[in-house]
Amino acid sequence: MIKKENQKVNKTPKSKNSKKKPLNKAIQLSGAGLQMGLTIYLGSLLGKWLDTQFQTSYLKETVTLFAIFLAMYSLIKQANKIND
């Protein structure tokens, strides 16, 4: 039987730093909220611009509603990622 010397086994327990701090989570979620607001605002601007380009009256509401759904989807994905 051959004995291997200087063989180290990595059996370090999980450190306290492996868990995310609550303050860090709050900062990440507030950033996600700002991103959500910006997405909706830019969607509204895009819809307004499209209304003027195509001389319609429904694109602003449609694009803004799409931006709201997109922002909510993004917020939920980020919140799930932060909580994992």
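In plain terms, the chain from residue 81 to residue 62 could stretch by 4.0 nm, reckoned as 0.36 nm per residue minus the Cα-Cα distance.
Taking 0.36 nm per residue of separation and subtracting the Cα-Cα distance, what length does fully extending residue 26 through residue 72 add?
Working: separation 46, 0.36 × 46 = 16.56 nm, distance 1.74 nm.
Gain on extension, residue 26 to residue 72, equals 14.8 nm.
Each reported figure results from applying straightforward, stated rules to the coordinates on display, with no laboratory input. The shown structure was predicted, so the numbers you read here are calculated from the model rather than taken from an experiment.
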